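All remarks here apply to the structure that follows.
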Amino acid sequence: MKIVAVDNFDRGTYDDMLVCDNILHKIHAEVMCKMLNDYWNRWALGCESRYFYKIVEDDYVLRTYEH
């Protein structure tokens with residue numbers, strides 16, 4: 001499993017970013033993802049956080065924005 005940061009508003013204008021890969025246990029990925037989202041959305045930037053962190057499978061291909 002991987003954790004990736006995707007555009008929080010699904011505008012398609014920002015590249016996905018790989019945060020962590022090779023996570024063996026789903027519970028570890030869930031805890032890390034929850035901590036990242038809680039921190040950035042609640043404490044740092046509120047509802048206007050640029051990225052949302054999510055868990056994806058190992059074969060997930062990062063989306064890139066084409067100018």
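In table form, for the structure just shown:
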quantity: Percent RCO, i.e. relative contact order, over the chain, from Cα pairs under 8 Å lying at least 6 residues apart; calculated: 47 percent
quantity: Trypsin sites (Lys or Arg not before Pro), loop per DSSP, at most 15 other Cβ atoms within 10 Å - longest free stretch of the chain; calculated: 12-49
quantity: Residues of the stretch 21-36 with amide N under 12 Å of the 7 Å Cα→Cβ point at Tyr60; calculated: 21-23, 29-30, 33-34
quantity: Qualifying GluC sites (Glu not before Pro) in the chain, DSSP loop, other Cβ atoms within 10 Å at most 16; calculated: Glu57, Glu66
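Every read-out reported here was derived from the displayed coordinates using simple, explicitly stated rules and does not represent laboratory data. A quick note: this is a predicted structure, and the numbers were derived from the prediction, not measured. Heads up, the Cβs are rebuilt from the backbone with ideal geometry, glycines too, and the neighbour counts pull from every protein chain shown.
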